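The next block holds one structure in the form of structure tokens; read it before the comments.
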Amino acid sequence: MTAPDAVLVQLWAQHIAQTDAPIRQALTALGQHHSAQLADAFYRAMLADPQAGALLTHDDVNTRLHSSMQRWITQTLGSWDTAQVPALVALQRHIGQVHARINVGMELVVRGARQLKHDIVQTLLRTDMDTAQVLRTAMAAHELIDLALEAMTIQYKESRDLATRTDEAYRSLASSVNMSLERERQRTALLDWQSQFLQKVMMMHPDDEVTRLGQSSFGLWVQHKANAFNGSSDERESILSAMRRIDADLLPRCEDELTGQTDELGRQTARHVLTEVQQIRYFTDSMFEHLVDMESGRDALTQLLNRRYLPAVLGRELELSRRSGHPFSLMLVDVDHFKHINDHYGHSCGDRALQHLAALLSNTARSGDFVFRFGGEEFIIVSVEMPALQALHEAEKIRKAVENDPVLLPEGRQLHMTVSIGVATYDGHPDYQHLIEQADQALYAAKSEGRNRVVPSQRPQPT
Ligand SMILES: Nc1nc2c(ncn2[C@@H]2O[C@H](COP(=O)(O)OP(=O)(O)OP(=O)(O)O)[C@@H](O)[C@H]2O)c(=O)[nH]1
């Protein structure tokens, strides 16, 4: 038994010894006859909290959690044999561990317990006990509940600490992997599978089955390891679906067609497999590019903040705005007709234009603001403590600066570029995604109204 457990077992046993028989009987009866009503009280208090409400749906509570809570009340108020105490402490630890796992904070459990204590007193007051008896019984019940909470808290804290340490250790292990080496290894693994596939297709006979891509070294890596690098899940998802198409559909078809003497069909399907593999290679490369960017925290081309940090920054600014009452604004900046710039001047000039714009945005923003590369030719500026009108004014300055400051290209050429900007200001909505969506809608409006303009998400209504 651990040292904290030994202390708790001793305290719990002491409490039992100090509780006289009538109180024990009263509490046992209370647990047996009122557990359903008391469990209701507990969850009513807990679910009033939006965080808990989101974690535990009412259906869950009605089915599983409610009945285990009832059992917990009966057991906690009705166990008076000191030999049972170590098992009782172990049970509380188990509960603490479950809470940590499903992320139900201890503060919510304490809140539920507070309501439980309150309802215990109310229930006791409705019995024929005199006030002194009610007081002693209620105190004994509260002590039991507090002992249980103490044991849960010890375990909750231990479990959370362990989970955080393990997660951090795993992530740092993952990020200490040499990405270039890993990329080469996975490229080779995919190529190996492809060569084996081609060999098998050429020499196909009835017993020959091609190893499924999902079972290959590459496939296992994608399924089990790639996500640990915190990589872009879109790319991983695209790889996984291409793998599923190959394994579940194309390979069985290919095997049937080749062994069933329909060679031409088989060859067509094999070509289809190779096209899918080509896609997988593309997504793998792009996933590694993102990983390399993320390693540094900055976008490789523009040196702006990586969008990975956007949730952290917006979450914090939202909280600060909510507390201080100073709204912040978000500008979504998108280059106009960038595809045309690439097509007309070439990709490297396109890259140069993005670097030029990134520098302009960084220089225009105040040092307290945050500038992110949000996507290909999209940027986000988080302007701290900036109300809507001021944000529109600043966005307009940026728009003009871009328009009047052409990109200098080799051989003295100049590239004129414009941007469209959608501006949204924190309006009290608790989800930062809402703010991004508002800016995105405003940007969409700016594009459809002719580009090279600033549009706010909330326009004054015409009177
Ligand atoms: N050179 C370069 N091009 C990129 C980069 N990232 C994305 N792109 C290109 O950016 C272009 C974006 O094109 P679209 O989304 O069609 O938008 P657009 O042509 O700017 O048109 P509007 O936004 O509607 O004005 C695509 O052609 C992408 O290939 C990059 O890092 N470098």
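Worth a mention:
- Mean projection area, nm², convex hull over Cα of segment 179-294: 6.5 nm²
- Calculated [222 nm] ellipticity per residue, helices only, for the chain: -22500 deg cm²/dmol; basis is -39500 (n - 2.57) per DSSP H run with n ≥ 4, divided by all residues, nearest 500.
- Acute angle (nearest 10 degrees) that the helix 310-324 long axis makes with the longest principal axis of the chain, alpha-carbon atoms: 60 degrees
- Three-way shape call for segment 366-463 based on the alpha-carbon gyration tensor, with the a/c threshold at 1.5: prolate
- Taking the square roots of five times each eigenvalue of the Cα gyration tensor of segment 268-361, the equivalent ellipsoid has semi-axes of 35, 21, 13 Å, listed largest first.
- In segment 382-463, trypsin sites (Lys or Arg not before Pro) in a DSSP loop with at most 11 other beta-carbon atoms within 10 Å: Arg413
- For the chain, the longest site-free run once GluC sites (Glu not before Pro) in DSSP loop states with at most 14 other Cβ atoms within 10 Å are removed: 210-448
- Summed over the residues of the chain and divided among them, the accessible surface reaches 53 Å² per residue at a probe radius of 1.4 Å.
- At the residue level, Ile154 shows approximately 50 square angstrom of accessible surface with a 1.4 angstrom probe and all protein chains present.
- Cα Rg, Dmax (largest Cα-Cα span) when computed across the chain, Å: 31.7, 99
- Relative to the longest principal axis of the Cα atoms of the chain, helix 85-102 runs at roughly 20 degrees.
- Alpha carbon centroid spacing (whole Å) that separates segment 313-330 from segment 70-90: 47 Å
- Residue ranking by accessible heavy-atom surface, 1.4 Å probe, largest first, among Tyr345, Tyr282 comes out as Tyr282, Tyr345.
- Accessible carbon and sulfur surface of the chain relative to its total accessible area, %, 1.4 Å: 52 percent
- Prolate/oblate/rounded call for segment 3-173, Cα gyration tensor, a/c under 1.5 rounded: oblate
- Rounded to 10°, Cα long-axis angle of helix 21-47 versus longest principal axis of the chain: 20 degrees
- The tail of the calculated P(r) for segment 305-456 beyond 22 Å holds 38 percent of all Cα-Cα pairs.
- Relative contact order computed over the chain (Cα-Cα under 8 Å; 6+ residues apart), in percent: 10 percent
The values are calculated or read from the model by the stated rules, or taken from the named source; none is laboratory data. In this text, all values refer to a predicted model and were calculated from it rather than measured experimentally. Positions of Cβ are backbone-derived with ideal geometry, glycine not excepted, and every protein chain shown enters the neighbour counts. Just so you know, the surface numbers come from the protein's heavy atoms only, side chains and all, with ligands and any DNA or RNA stripped out. Shrake-Rupley method; radii C 1.70, N 1.55, O 1.52, S 1.80 Å.
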